[in-house]
Amino acid sequence: MIYLLLILFSFNLYSQSDKIMSSSTNASGVLEYDIKLYFPFSVIHQYRVDEETDVERTYEDGTPYTYKKRQTWYVTFVAPNIKGRDGEKKVYVTIDSLDYEFKDGKYDVKFNNTSEGIPPGHVWDFEKTFFLNGKEFDMFYDSYNKAYKIESERFDEDLKMVNDYAAKSDDFRAKLLKNRFDANELIYIADPVKNILPPGKTSIDSTWLVDFKTDVDFVTFNNVTSATLSKIVDSHYFINIKADTLYCIDKEMIMDNIKKVAKIDAGLASGTAEMKISSKGHIKYLTTQFDAEIYGKIDNIKFIEKKKSRVSWNLVGMWKQ
């Protein structure tokens, strides 16, 4: 009965949120829409974050290494107040419920932290992924709807622990955790907005520039690209990005299978993203598909790594706290 009431209340929030559309006509007679992000006070949002990755690495002597990975997070966040200072928005975030699968030529593992299975700690990719699970923090959006920082006493304590560990030890686990445990990684998992929304009013087929940053299997790419309001259906806005060239901004990457840190000489990525946002300001989904090529060296041995990544953030429910 309680579960049914939650479903009905969640449905009521959805239906209410889809009725409001802010629009006006500009001096040229073109209908413009004011697309804004909105977090209702004390209303919990839960997102399911799905990621599928295919990787093919080839060393300069022709030796290949491939792996496939699938993981699902559940991310919940809630606005603890109506608005912050200077248009800033704050949400309290929890990352939990990791479902994970990994397969290469040596390992074939599955793990769900809601079951009684044993964590596959021998798989280093899992180690760096699971370390982010269960994190709780405040995430801040600026007045342009860009998630730009997090705050958490627990995160600060964990970060200090990782840095102290890395300073005292040169083993691979220390390097792995120091390489991946940072605020940007948590923001990437939790944030379904990705700085895509327009800075002001816009019309159908209009474009605007976006400083777009994305991860492709723990490697970060960034560039300025354009976003387009492609259509409006049933009081929902659809925004699309086609990024032809994103540049790798990382200098190193973790080679889990050989327990080493590689130097990145160059990296490029291209792909698409689509967002569906209600006229009330709730992100219903964001999907991204990116292909990347990374050129680097490990112990002066050159390699090329090709990554295919598909990630989606889907709103699965909203309910009053």
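Just so it is clear, none of the values below were taken in a lab; they were calculated from the coordinates. Just so you know, these numbers come straight off a predicted model, no measurement behind them. As a convention, Cβ positions derive from the backbone with ideal geometry for all residues, glycine included, and neighbour counts pool all protein chains shown.
With a cut-off of at most 11 other beta carbons within 10 Å, and DSSP calling the residue loop, which GluC sites (Glu not before Pro) in the stretch 72-134 qualify? Please list them. Listed in order of number, the matching sites are Glu116. Across the stretch 113-130, rounded Karplus estimates of 3J(HN,Hα) from the backbone phi angles (6.51 cos²θ - 1.76 cosθ + 1.60, θ = phi - 60°) give 6, 8, 9, 9, x, 8, x, x, x, 6, 9, 5, 4, 5, 4, 6, 6, 5 Hz, Gly and Pro being marked x. Taking the Cα centre of the chain as origin and assigning +1 to Lys and Arg Cβ atoms and -1 to Asp and Glu Cβ atoms, the resulting dipole is close to 540 debye. Would the chain count as rounded, prolate or oblate if I go by the C-alpha gyration tensor, calling it rounded below 1.5 in a/c and otherwise prolate when a/b exceeds b/c, oblate otherwise? Because a/c hits 1.5 or more and a/b exceeds b/c, the chain counts as prolate.
Loop-only check: which trypsin sites (Lys or Arg not before Pro) in the stretch 33-134 are DSSP coil with at most 11 other Cβ within 10 angstrom? Please list the in-between numbers first.
Details: sites: Lys36, Arg48, Arg57, Lys68, Lys69, Arg70, Lys83, Arg85, Lys89, Lys90, Lys103, Lys106, Lys110, Lys128; in loops: Lys36, Lys83, Lys106.
In loop regions of the stretch 33-134 (DSSP not H, G, I, E or B), the sparsely surrounded trypsin sites (Lys or Arg not before Pro) are Lys106.
Do the alpha carbons of any pairs in Lys135/Lys302; Lys69/Lys194; Lys103/Lys302 sit beyond 26 Å of each other, and which pairs? Where the Cα-Cα span goes over 26 Å, the pairs concerned are Lys135/Lys302.
With Cα atoms defining each centre, the stretch 241-315 and the stretch 135-206 are spaced 16 Å apart in the structure. Along the stretch 257-269, what does the Karplus equation 6.51 cos²θ - 1.76 cosθ + 1.60 (θ = phi - 60°) give for ³J(HN,Hα), rounded to whole Hz, x for Gly and Pro? Values per residue, Gly and Pro as x: 5, 10, 6, 9, 9, 9, 8, 9, 8, 6, x, 10, 9 Hz. Our coupling estimate for the stretch 220-231, obtained by passing each phi through the Karplus curve with A = 6.51, B = -1.76, C = 1.60 and θ = phi - 60°, is 9, 10, 7, 5, 7, 9, 10, 10, 9, 7, 7, 6 Hz, Gly and Pro reported as x. Backbone amide hydrogens, once placed in the peptide plane, bring Asn195 within less than 5 Å of Ala147, excluding anything fewer than 5 places away on its chain.
Using 32 Å as the Cα-Cα cut-off, could you pick out the over-long pairs in Lys201/Lys251; Lys149/Lys306; Lys263/Lys308? Pairs exceeding 32 Å: Lys201/Lys251. Divide by every residue of the chain the summed helix terms, -39500 (n - 2.57) for each DSSP H run of at least 4, and state the resulting mean residue ellipticity at 222 nm, rounded to the nearest 500 deg cm²/dmol. After summing the helix terms and dividing by residue count, I get -5500 deg cm²/dmol. Taking amide hydrogens as placed 1.01 Å from N in the peptide plane, the amide H of Val216 sits under 5 Å from those of Phe221, each at least 5 positions away in sequence or on another chain.
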